[in-house]
Amino acid sequence: MKLRIKRDMLFERLSSSVLETGLLDQLKAFKQHGSSNCYDHSIAVAKASLYLSLLLPFRFKDEQLVRGALLHDYFLYDWHIEKPEKLHGFSHPHTACKNAKRDFADLTPLEENIIKRHMFPLTPVPPRYRESVLVTLADKYCATKEVFAALRNKFSRA
């Protein structure tokens, strides 16, 4: 329990540079996995990544980890309605990175790598940094959890 408190306090401090701009609020309008939206999913991925970073015996650049995780799905469209030219799973990391670079001029190469590589192995180029690997794993965990929660809700109503 103490680790969650530490994570939440650290998240509060490290996420402010992204959350206080209000730009991430745009993600609330876009459905993600199941009944979650992109904003809630991004918060969950950032918190899960930070939690893992506190558990593991490695040093992580926590601020960049959190910023990259918050922006990993910053593609700004509803992929359930607006069908991109390429399959969403393959194309959205580059769209998210382009949008993040436009709206957050101080994006670091590590944060860019987190955003561009979070869909590995669906996209063939692997993550370069340990922070990118952590966000990739946290994203898969959170997405799976969200899909199964939506299925549970669907079948419990039936």
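Taking region 6-49 as the region of interest, how many residues are hydrophobic (A, V, I, L, M, F, W, C) and exposed (fewer than 14 other Cβ atoms within 10 Å of the Cβ)?
Of the residues in region 6-49, 2 are hydrophobic (A, V, I, L, M, F, W, C) and exposed (fewer than 14 other Cβ atoms within 10 Å of the Cβ).
Using the structure shown, decide if residue 50 is touching a residue at least 12 places away in the same chain (Cβ under 8 Å), farther than 19 Å from residue 117 by Cα and out of contact with any Ser or Thr (no Cβ under 8 Å at 6 or more places or on another chain).
In short, no.
From the set of residues in region 75-93 that are more than 14 Å from residue 27 (Cβ to Cβ) and surrounded by 15 or more Cβ atoms within 10 Å (Cβ to Cβ), which is modelled with the highest pLDDT?
93
Within region 127-147, can you find the residues that are at pLDDT 90 or above and farther than 23 Å from residue 63 by Cβ?
143, 144, 145, 146
Can you give me the ranges of the helices (runs of 4 or more DSSP H) entirely in region 1-82 with at least 3 residues that are of a type in the set (S, T, N, Q)?
In region 1-82, the matching helices (runs of 4 or more DSSP H) lie at 38-55.
What about residue 107, is it assigned to a helix (DSSP H, G or I) and modelled with pLDDT of 90 or more?
no
The values are calculated or read from the model by the stated rules, or taken from the named source; none is laboratory data. On a predicted model such as this, the values are computed, not experimentally measured, just so you know. Virtual Cβ from ideal backbone geometry, glycine too; neighbours counted across all protein chains shown.
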